[in-house]
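The values are calculated or read from the model by the stated rules, or taken from the named source; none is laboratory data. None of these values were measured; they are calculated from a predicted model. A quick note on method: Cβ atoms are made from the backbone with ideal geometry, for glycine too, and the neighbour counts reach across all protein chains shown. Surface accessibility is based on the protein's heavy atoms, side chains included, excluding ligands, DNA and RNA. Shrake-Rupley method; radii C 1.70, N 1.55, O 1.52, S 1.80 Å.
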2 protein chains.
Amino acid sequence: MFYCGGFYYEKTFFPIRIGCKVSIPDSQLKKKLIEPRTLKGFRDFLPEAMIPRERLIDRVTKVYRSYGFCPIDTPVLEYLEILMGKGSEETDKQLYRFKDSGGREVGMRFDLTVPFARFSAQHIAELGTPFKRYHLAKVWRGENTQAGRYREFMQCDFDTIGTTSVMSDVETALVINDVLERVLRTNDSFTKFVVRVNSRKILNGTLEKLGLADKAVSVLRALDKLAKIGVDAVVAEMEQTAGASDEQARAILDVASAKGSNEDVLRRLEDLLSGNELGLEGVAELRQILESANAAGAPEERFVVDVSIARGLDYYTGTIFESFLTDLPKLGSVCSGGRYDNLAELYTRQKLPGVGASLGLDRLFAGLEELGMVEKTASTVDVFIPMFDANLSTKYCGLASRLRKLGIGVELYPEFQKLGRQLKYADKKGIKFALIVGSDEAERNVANLKDLRSGGSREISLDTDAFAEAIVSALQS
Amino acid sequence: MFYCGGFYYEKTFFPIRIGCKVSIPDSQLKKKLIEPRTLKGFRDFLPEAMIPRERLIDRVTKVYRSYGFCPIDTPVLEYLEILMGKGSEETDKQLYRFKDSGGREVGMRFDLTVPFARFSAQHIAELGTPFKRYHLAKVWRGENTQAGRYREFMQCDFDTIGTTSVMSDVETALVINDVLERVLRTNDSFTKFVVRVNSRKILNGTLEKLGLADKAVSVLRALDKLAKIGVDAVVAEMEQTAGASDEQARAILDVASAKGSNEDVLRRLEDLLSGNELGLEGVAELRQILESANAAGAPEERFVVDVSIARGLDYYTGTIFESFLTDLPKLGSVCSGGRYDNLAELYTRQKLPGVGASLGLDRLFAGLEELGMVEKTASTVDVFIPMFDANLSTKYCGLASRLRKLGIGVELYPEFQKLGRQLKYADKKGIKFALIVGSDEAERNVANLKDLRSGGSREISLDTDAFAEAIVSALQS
């Protein structure tokens, strides 16, 4: 065969024979690039987003753990029957579901509550009660992404189950307080927040007292519109949908609009609810929460009794919590929850009352960003060692190792390049210091420690004894 | 109507009228419990499994971070075209795939390498090179579960891409060393391990020298059987499948069976490969890894040049790593990886060479359990405060808060019960100390600190100044 020329396609040489048709095997022609892209509503997290997220998660879980909440994990996939019909009609519709290769109907979890209910029913005999867990994990919902919502996001729940003691409500309040204290306080600043508390027992007690105990849902629906439509329209709606008399409706509104200091509100509620055991129990529980929070050192203005908050029409049965950053009122509640009567009734006959809350990690993170409280960094280390002289690479390795043994993270640049370019790489990532050793420094057993933010630099000794002290004090200054 | 009796079913009373058929509404009869269960091959993690797993993960990521590797995350779901045909035929078959409600063909990731390739292609311009990432996340494979394998498991990868420098190979070796050092060393014991290193350049150089450069895959397949079928059968197979002569096959076996001290092996390889640039480059790189590991303080016996290890027939092109616990040789490699020429060629024309490794978290954890190195605990705190006297609950809250401010985790039992039962709860969870305050102690402003393992106890003052010191020293002793 005689070749007079040819061409390269995808690294393969295709000779062209004289008088022949050009022939490229199909397998080669089809080898096109696949477009690298993520699904709509799904996100990659690059280091500069991931590092502060991990820092936030670390802070949050440290608080959970300091109260004895324990981590658990459950599978991403569950039998469909575990997940369907457990949230709302909307969550059913948004479910990522399919038949697996074994023909089982399965779905990806849409929250952490339903898997926890299934988990509790399955393992409670082994776990014992009270049981305190936290669970930080991703959940999936095929939501409309136009509202800036994501189809894959993180939830961050903690719960105490198997006890009706108000001390667990107290603890839930304190965890919310400590988490937000920890996250919102930096060396320079503190963003104020309030935790609003209420008890469903107050409204339920009121309705019980009025003989409207079975009308809670319609009453709550009407109350929810108070700010929008005003007192008279709410009264009218209660008359219509809950069959309340004008007097009854106004009595409900009296309770729901109790205002003033915590003590004022609690006293007013005690008056209005006098004689009703359930309602007074709710008030007493709120009082206990405020007292214990005070004993735990929370500032007085931190917890606010607010009878207007009303989470989860059917689910919550006692204390409820919402929390707001004072500087960002429009952000909405960043951590919410409450007490419920029975977690896992669909899966077990054992009654599992509990109390818990869920931190809105994405929302809180967005808030911190808006407040300028997210430190921008794309690095996990404090010290950068450039490869100033390729002949010294083994020495750099040893030096980096010495720093790591002191607990100092070090990134060693792997290639010889112009020093300026290497330092630019480090600076772009937000690494604070560079430890520079050229052949001259190596001979004198010293290094140049350069502060990449200020540009200043100082020489430090690499002598065994002096080095640890010199580097640690330099990094701290 | 006149009722003479009835019965309860699902919390509802069904009266039985005289002379009437028993009638239970269908809606009630159908309300059966859903069996709480997980899918085959999927696991719940209870606290006593999860707490040591998180501790392990924490140790591993701290090492990754100390070298400047940064966390990233990618979606669990990817477009099917991103995932299909990227692993083996087997991974294609095992893929959890479905059509989402928008009609897109999607799949759940089966490893962290393919998503990282897609991620790199998509973001490398923004990230810049070299880029060092780690990724700890779950992956899914519909594997046969009979072999004790799971369909949902954790992977734990770290990689450096965008550089061909051997210093990144060195660093990969050091990270593997540091991770296993950190995990296998406790106060009482140290489980030895070795990291076996090889370079694909050595075999490829050998084949190049013999004029068999394109036969690497069949040669490797034959070599792989050496221990099983012996030298002569391997020679025969190489003759058959790789078209090697008897002399060529024996020359390959000479290289592949070089044994002795690291220096012996390297010298022997230098002899056998003399004149072949690629092969000698591989040897020089191994030498550099050993030297740098030595400079970083790794014990001499830690790294072993082993020309018999051969990972990833097509994927790896340079250094390769495997690591084994000396006491558990049958466990297999707990951390493996190597250098590759081009990570993301399916998604971008930009060449991204790299080197990395993957920690077998489940396997390592199983090994640690077998070695008795997993501390059994179902608690995240060191101190338990029983509710010895219900009237003191607010005081307990304050006390717990003081301890937490000292960095000491505390679990407060939420209900009043017999002290013995409360202490049993704490002991079962593995909490080490109980801080007991009754009314007598409260009056004298002291507490009883009980060591739940030894049973011993001592009284400590709750005075502001003395308390912190007393409790910290007591917990440390």
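Take the residues of region B:64-86 that are outside any helix (DSSP H, G or I) and among the acidic types (Asp, Glu): which is surrounded by the fewest Cβ atoms within 10 Å (Cβ to Cβ)? Full working, then the answer.
Quick first cut of region B:64-86, residues outside any helix (DSSP H, G or I) only: B:67-79, B:84-86.
After this cut, where a residue has to be among the acidic types (Asp, Glu) as well, the list is B:73, B:78.
On the way: B:ASP73: 24, B:GLU78: 22.
The selected residue is B:GLU78.
If I go through region B:280-297 residue by residue, how many of them are open to solvent by 40 Å² or more (accessible area, probe 1.4 Å) and more than 15 Å from B:LEU174 (Cα to Cα)?
Residues meeting the conditions: 3.
Is region B:454-467 home to any residue that is more than 13 Å from chain A (Cβ to nearest Cβ), open to solvent by less than 30 Å² (accessible area, probe 1.4 Å) and closer than 25 Å to A:VAL179 by Cα?
There is at least one residue in region B:454-467 that is more than 13 Å from chain A (Cβ to nearest Cβ), open to solvent by less than 30 Å² (accessible area, probe 1.4 Å) and closer than 25 Å to A:VAL179 by Cα.
Of the residues that make up region B:320-336, is at least one over 24 Å from the mean Cα position of the chain (by Cα) and not aromatic (Phe, Trp, Tyr)?
Taking region B:320-336 as the starting set, the residues that turn out to be over 24 Å from the mean Cα position of the chain (by Cα) are none.
No: zero hits.
Is it the case that region B:461-468 has a residue that's touching a strand residue (DSSP E or B) at 6+ places or on another chain (Cβ under 8 Å) and of a type in the set (Val, Ile, Thr)?
If we filter region B:461-468 for residues that are touching a strand residue (DSSP E or B) at 6+ places or on another chain (Cβ under 8 Å), which is where we start, we get B:461-462, B:466-467.
Now drop any that are not of a type in the set (Val, Ile, Thr), which leaves none.
No - not one qualifying residue is present in region B:461-468.
Looking only at region B:87-116, how many residues end up being outside any loop (DSSP other than H, G, I, E, B) and in contact with a Phe, Trp or Tyr (Cβ under 6 Å, 6 or more places away or on another chain)?
Taking region B:87-116 first, the residues outside any loop (DSSP other than H, G, I, E, B) are B:89-94, B:97-99, B:105-108, B:113-116.
Adding the requirement that they be in contact with a Phe, Trp or Tyr (Cβ under 6 Å, 6 or more places away or on another chain) leaves B:91, B:98, B:108.
Within region B:87-116, residues that are outside any loop (DSSP other than H, G, I, E, B) and in contact with a Phe, Trp or Tyr (Cβ under 6 Å, 6 or more places away or on another chain) number 3.
Collect the residues in region A:410-441 that are of a type in the set (A, V, I, L, M, F, W, C), under 13 Å from A:LEU452 (Cα atoms) and either open to solvent by 60 Å² or more (accessible area, probe 1.4 Å) or within 11 Å of another protein chain (Cβ to nearest Cβ) (or both), keeping them in residue-number order.
If the condition is that a residue be of a type in the set (A, V, I, L, M, F, W, C), under 13 Å from A:LEU452 (Cα atoms) and either open to solvent by 60 Å² or more (accessible area, probe 1.4 Å) or within 11 Å of another protein chain (Cβ to nearest Cβ) (or both), then A:ALA426, A:ILE431 are the ones that fit.
I need a count of the residues in region A:364-391 that are open to solvent by less than 40 Å² (accessible area, probe 1.4 Å) and assigned to a helix (DSSP H, G or I).
So the count comes out to 4.
Only one of A:ILE385, A:ILE460, A:ILE471, A:ILE436 is farther than 30 Å from A:SER189 by Cα and modelled with pLDDT under 95; which?
Numbers: A:ILE385 fails: modelled with pLDDT under 95; A:ILE471 fails: farther than 30 Å from A:SER189 by Cα; A:ILE436 fails: modelled with pLDDT under 95.
One residue alone meets the criteria, A:ILE460.
Can you name the strands (runs of 3 or more DSSP E) wholly within region B:407-477 that have at least 2 residues being closer than 27 Å to A:ASP169 by Cβ? Full working, then the answer.
Details: elements: B:410-412, B:433-436, B:446-451, B:457-461.
By residue number, B:410-412, B:433-436.
Going through A:LYS201, A:LYS209 one at a time, which residue ends up being surrounded by 15 or more Cβ atoms within 10 Å (Cβ to Cβ), assigned to a helix (DSSP H, G or I) and in contact with a strand residue (DSSP E or B) (Cβ under 7 Å, 6 or more places away or on another chain)? Before the answer, list the steps.
Working: A:LYS209 fails: in contact with a strand residue (DSSP E or B) (Cβ under 7 Å, 6 or more places away or on another chain).
When all the criteria are applied, what remains is A:LYS201.
Quick one: which residue in A:GLU270, A:GLU300, A:GLU277, A:GLU263 is in contact (Cβ under 8 Å) with a residue 60 or more places away in the chain, loosely packed, with under 15 Cβ neighbours inside 10 Å and closer than 24 Å to A:ALA173 by Cα? So that I can check it myself, show each step before the final result.
Details: A:GLU270 fails: in contact (Cβ under 8 Å) with a residue 60 or more places away in the chain; A:GLU300 fails: in contact (Cβ under 8 Å) with a residue 60 or more places away in the chain; A:GLU263 fails: in contact (Cβ under 8 Å) with a residue 60 or more places away in the chain.
Just a single option satisfies the conditions, and that option is A:GLU277.
Among (1) open to solvent by 40 Å² or more (accessible area, probe 1.4 Å); (2) modelled with pLDDT of 95 or more; (3) not charged (D, E, K, R), where does B:CYS335 come up short?
Only one criterion is unmet by B:CYS335, namely (1).
Only one of B:THR172, B:THR160, B:THR164, B:THR145 is surrounded by fewer than 19 Cβ atoms within 10 Å (Cβ to Cβ) and closer than 30 Å to A:LYS395 by Cα. Can you tell me which?
Numbers: B:THR172 fails: surrounded by fewer than 19 Cβ atoms within 10 Å (Cβ to Cβ); B:THR160 fails: surrounded by fewer than 19 Cβ atoms within 10 Å (Cβ to Cβ); B:THR145 fails: closer than 30 Å to A:LYS395 by Cα.
Matching residue, one of B:THR172, B:THR160, B:THR164, B:THR145: B:THR164.
Would you be able to tell me the number of residues in region B:123-165 that are out of contact with any Lys or Arg (no Cβ under 7 Å at 6 or more places or on another chain), assigned to a helix (DSSP H, G or I) and over 19 Å from A:TYR425 (Cβ atoms)?
Count: 2.
Go through region B:396-409 and count every residue that is without any contact (Cβ under 8 Å) to a residue 60 or more places away in the chain and open to solvent by 20 Å² or more (accessible area, probe 1.4 Å).
First, the residues of region B:396-409 that are without any contact (Cβ under 8 Å) to a residue 60 or more places away in the chain: B:396-398, B:400-401, B:404-405, B:407, B:409.
Then keep just the ones that are open to solvent by 20 Å² or more (accessible area, probe 1.4 Å); that gives B:404-405, B:407.
Here the count works out to 3.
Would you mind finding the one in B:ALA227, B:ALA258, B:ALA284 that is on the phi < 0 side of the Ramachandran plot and outside any helix (DSSP H, G or I)?
Numbers: B:ALA227 fails: outside any helix (DSSP H, G or I); B:ALA284 fails: outside any helix (DSSP H, G or I).
Result: B:ALA258 is the single residue among B:ALA227, B:ALA258, B:ALA284 that is on the phi < 0 side of the Ramachandran plot and outside any helix (DSSP H, G or I).
Can you name every residue in region B:373-407 that is more than 8 Å from chain A (Cβ to nearest Cβ) and of a type in the set (Val, Ile, Thr)?
B:VAL374, B:THR377, B:VAL383, B:ILE385
Anything in region B:221-252 that is within 13 Å of B:THR206 (Cα to Cα) and crowded, with 19+ Cβ neighbours inside 10 Å? List them, or say none.
Matches in region B:221-252: B:ALA244, B:GLN248, B:ALA249, B:ILE252.
For region B:183-194, enumerate the residues that are under 21 Å from A:ARG402 (Cα atoms) and either open to solvent by less than 30 Å² (accessible area, probe 1.4 Å) or modelled with pLDDT of 95 or more (or both).
Those that are under 21 Å from A:ARG402 (Cα atoms) and either open to solvent by less than 30 Å² (accessible area, probe 1.4 Å) or modelled with pLDDT of 95 or more (or both): B:VAL183, B:LEU184.
Would you pick out the residues in region A:348-363 that are modelled with pLDDT of 95 or more and either part of a helix (DSSP H, G or I) or open to solvent by less than 30 Å² (accessible area, probe 1.4 Å) (or both)?
A:LEU352, A:PRO353, A:GLY354, A:VAL355, A:GLY356, A:ALA357, A:LEU359
Being small (Gly, Ala, Ser) and in contact with a Pro (Cβ under 6 Å, 6 or more places away or on another chain): is that true of A:SER101 here?
no
Every residue in region B:95-123 that is more than 9 Å from every other protein chain (Cβ to nearest Cβ), open to solvent by 10 Å² or more (accessible area, probe 1.4 Å) and under 30 Å from A:GLN422 (Cβ atoms), please.
Within region B:95-123, just B:THR113 meets the criteria.
Tally time: how many residues in region B:29-63 are more than 8 Å from every other protein chain (Cβ to nearest Cβ) and in a helix (DSSP H, G or I)?
Quick first cut of region B:29-63, residues more than 8 Å from every other protein chain (Cβ to nearest Cβ) only: B:29-32, B:41, B:48-49, B:52-53, B:55-63.
Filter once more, keeping what is in a helix (DSSP H, G or I): B:29, B:48-49, B:52-53, B:55-63.
Final tally of qualifying residues: 14.
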